[in-house]
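Let me begin by presenting the structure, written as structure tokens, before commenting on it.
Bear in mind that the values in this text are calculations on the coordinates, not laboratory data. Computed from a predicted model, the values in this text were never measured in an experiment. Counting neighbours? That spans all protein chains shown, and the Cβs are built from the backbone with ideal geometry, glycine included.
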Amino acid sequence: MSERAAPFHCPYCGDEDLRPNETGHGAWECAACRRAFQLKFLGLLSTANGGTPHEHHD
């Protein structure tokens, strides 16, 4: 099983034609706009450090 998290859309043009880039881990390229980008997981937010819990308000 791969630990790689794949993006669903290009962050620049929104297209879905994404492929892993040879640059390295977390690097992707968009065939539509021909941009390359990299994703990096930074960690989980803590409510003590300014993060807010996800609550549903009616």
Whole-Hz ³J(HN,Hα) for each residue in segment 30-36, computed from phi via Karplus 6.51 cos²θ - 1.76 cosθ + 1.60 with θ = phi - 60°, x for glycine and proline: what do you get? 9, 6, 6, 9, 6, 9, 10
Counting sequence-distant residues (5 or more places) and residues on other chains, those with an amide H built under 5 Å from that of D15 are C10
Hz values of 3J(HN,Hα) by residue in segment 17-29 - Karplus curve (6.51, -1.76, 1.60), Gly and Pro given as x: 8, 10, 9, x, 9, 6, 4, x, 4, x, 8, 10, 10
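Determine the dipole magnitude for segment 1-41: charges of +1 sit on the beta-carbon of Lys and Arg, -1 on that of Asp and Glu, nothing else is charged, the reference point is the Cα centre, and the result goes in debye to the nearest 20.
Working: 5 positive and 6 negative charges, 27 e Å.
The calculation lands at about 120 debye.
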Evaluate E = 1/(1 + (r/R0)^6) for D15 and F41, where r is the Cβ-Cβ distance and R0 equals 25 Å; express this FRET efficiency to the nearest 0.05. 0.65
What residues qualify as long-range amide H neighbours of N21, i.e. H under 5 Å apart, gap of 5 or more or another chain, H built at 1.01 Å from N? A27, W28, E29
Using mean Cβ contacts within 10 Å as the protection proxy, how do 24-31, 13-20 order, highest first? 24-31, 13-20
For R35, residues with placed amide H under 5 Å, excluding near neighbours: C30
